[in-house]
Amino acid sequence: MKIAMIGTGYVGLVSGVCFSDFGHDVVCVDKDPAKVEKLRRGEVPIYEPGLEQLMAKNVAAGRLSFTLDLAEAVAGADAVFIAVGTPTRRGDGHADLRYVMAAAEEIGAALTGYAVIVTKSTVPVGTNRKVAEAVARSSGQTPFDVASNPEFLREGAAIDDFMRPDRVVVGVESERARKVMEAVYRPLSLREFPVVYTNLESAEMIKYAANAFLATKITFINEIAALCERVGADVKAVSKGIGMDGRIGAKFLHAGPGYGGSCFPKDTKALARIGQEHAVPMQITETVIRVNDEIKHRMIAKIEDLCDGVLRDKTVAVLGVTFKPNTDDMRDAPALTIVPALVGAGAKVRVVDPQGRHEGEALLPGVKWVDGPYGAAQGADLVVILTEWNEFRALDLGKLARKMAQPRMADLRNIYDRDEVLAAGFDRYEGVGR
């Protein structure tokens, strides 16, 4: 198959590289000349384990290329994927579809023959029909179909998720389009990974419903964690106990400082807005959004308490600021709420993150970036574990405590055991829900 991938952001680049590894001929398109040039040099603009090597392999094999010329990429393509950004629109919480619709019109004008226009971007229900209208306006009499193919990639594990998916969801409404999509995903079908075919609206809704449900699980266990702290229960034991129930499952039941990232905050807000527009309020989702914001502020109060109620002139070492490990993504990370609050209260904040500095320097003004946790802890009054990078899971706690002015820890990811931390020389330890 010949595939054009419009957009080389996280979803577009990972999808394009993986499709080329399936054996398809893939051309990735972007409007940013500097980004395209960087990709042509073999440089990956995002941090995703294994992506650079897989990209180099398929470029060398002649199956993957990068261009600024959308018309060139679309000409003769069997499938054209739209994978541009859909950020939250300012003011109303809805997904901003400007880039999707602009791409659709440009694709329509570039079609040279039948193709399936596939929306990979996360879009509100009904968007694919609008995409079809936009393509039709500029395509003349050239035949085409539209399809909805939402992504379910976890940052830090995206390649494995693409190659070994729980499921692939495809919304199509013609047999011709279905056959094209079957050919695109044939390598996965041969290995018996499930491909679910639905109509357009169902595929669009599956993406939002899935992310809202996972965000709800995270928020639920964080609320339970707050109650555990008051009644003397341990949220880790509670999570294990309820997660062993097959109807509930153990994933996304880890208490912490709230969800962040490129998907959950944006998609929960968009789903809430879709509900409002259709007079079906998404009350659970709306509550999840509100409670998730409250959780971040509860973490700030926890940190302040460990500093005896006064943050001014206290030195705080923050370990990890990306929204999760194995990514450089700072979008809606809890750190973007917590760290500025510490700086605003007069704390001297030092930050350590294996990949977060590139984005974090602009997003977290007033902090000092340090290369390692022991340097950050030198003379510090508190160490805060905010992202559970592997580098922070096996620290020499005794060495860490000896370097600190006041050996205290806010373990907001529940990496360590309280007794272990106190035995290593720390005066105080606070986890979440313990």
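If you filter the range 55-71 down to residues that are in contact with an Asp or Glu (Cβ under 6 Å, 6 or more places away or on another chain) and over 18 Å from G108 (Cα atoms), you find that the one that is least open to solvent (accessible area, probe 1.4 Å) is N58. Mind checking whether some residue in the range 153-166 is open to solvent by 20 Å² or more (accessible area, probe 1.4 Å), assigned to a loop (DSSP other than H, G, I, E, B) and acidic (D, E)? For the range 153-166, residues open to solvent by 20 Å² or more (accessible area, probe 1.4 Å), assigned to a loop (DSSP other than H, G, I, E, B) and acidic (D, E): present.
Contact annotation: residue pairs with Cβ atoms under 8 Å, 6 or more positions apart or on different chains, pairing a residue in the range 310-326 that is closer than 13 Å to T337 by Cα with a partner that is part of a loop (DSSP other than H, G, I, E, B) and open to solvent by 40 Å² or more (accessible area, probe 1.4 Å), are T322/Q355; F323/R331; F323/D332. Evaluate the range 72-94: report whether one residue or more is assigned to a helix (DSSP H, G or I) and surrounded by 17 or more Cβ atoms within 10 Å (Cβ to Cβ). Yes; the residues of the range 72-94 include at least one that is assigned to a helix (DSSP H, G or I) and surrounded by 17 or more Cβ atoms within 10 Å (Cβ to Cβ).
Per-residue answers, yes or no, for (1) modelled with pLDDT under 95; (2) closer than 28 Å to F323 by Cβ; (3) within 25 Å of the chain's Cα centre (by Cα):
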{"residue": "V29", "(1), (2), (3)": "no, yes, yes"}
{"residue": "V36", "(1), (2), (3)": "no, yes, yes"}
{"residue": "L39", "(1), (2), (3)": "no, yes, yes"}
{"residue": "Y47", "(1), (2), (3)": "yes, yes, yes"}
{"residue": "E52", "(1), (2), (3)": "no, yes, yes"}
{"residue": "A60", "(1), (2), (3)": "no, no, no"}
{"residue": "L64", "(1), (2), (3)": "no, no, yes"}
{"residue": "T67", "(1), (2), (3)": "no, no, no"}
{"residue": "L70", "(1), (2), (3)": "no, no, no"}
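The criterion of at least 1 residues that are in contact with a Gly (Cβ under 6 Å, 6 or more places away or on another chain) and not hydroxyl-bearing (S, T, Y) is met by the following strands (runs of 3 or more DSSP E) wholly inside the range 371-434: 408-411.
When residues of the range 312-345 are filtered for being assigned to a loop (DSSP other than H, G, I, E, B), open to solvent by less than 20 Å² (accessible area, probe 1.4 Å) and not charged (D, E, K, R), how many remain? Count: 7.
Do we have any residue at all in the range 18-29 that's closer than 24 Å to L153 by Cα and either hydroxyl-bearing (S, T, Y) or open to solvent by 60 Å² or more (accessible area, probe 1.4 Å) (or both)?
Yes, the range 18-29 has at least one match.
Entry remark, the range 230-249: residues being assigned to a helix (DSSP H, G or I) and either out of contact with any helix residue (DSSP H, G or I) (no Cβ under 8 Å at 6 or more places or on another chain) or of a type in the set (S, T, Y) (or both) number 9 in total. When D69, D96, D92, D21 are checked against the criterion of being acidic (D, E) and free of Cβ contacts under 8 Å to residues at least 24 places away in the same chain, D96 stands alone in meeting it. The test for being under 23 Å from C263 (Cα atoms) and surrounded by fewer than 18 Cβ atoms within 10 Å (Cβ to Cβ) holds for N199. Residues satisfying the criterion are present in the range 181-191 (criterion: touching a strand residue (DSSP E or B) at 6+ places or on another chain (Cβ under 8 Å) and open to solvent by 10 Å² or more (accessible area, probe 1.4 Å)).
Taking (1) more than 23 Å from Y208 (Cβ to Cβ); (2) crowded, with 22+ Cβ neighbours inside 10 Å; (3) of a type outside the set (A, V, I, L, M, F, W, C) in turn, T285 satisfies each apart from (1). The residue list K403, K314 contains one member that is among the charged types (D, E, K, R), touching an Asp or Glu at 6+ places or on another chain (Cβ under 8 Å) and at pLDDT 95 or above, which is K314.
Would you mind stating whether E37 is surrounded by fewer than 16 Cβ atoms within 10 Å (Cβ to Cβ) and free of Cβ contacts under 8 Å to residues at least 24 places away in the same chain? Yes; evaluated as a whole, the condition is true for this residue.
The values are calculated or read from the model by the stated rules, or taken from the named source; none is laboratory data. Predicted model only: the values in this text are computed from it and were never measured. Please note: Cβ atoms are built from the backbone with ideal geometry, for glycine as well, and neighbour counts cover all protein chains shown. Just so you know, the surface numbers come from the protein's heavy atoms only, side chains and all, with ligands and any DNA or RNA stripped out. Shrake-Rupley method; radii C 1.70, N 1.55, O 1.52, S 1.80 Å.
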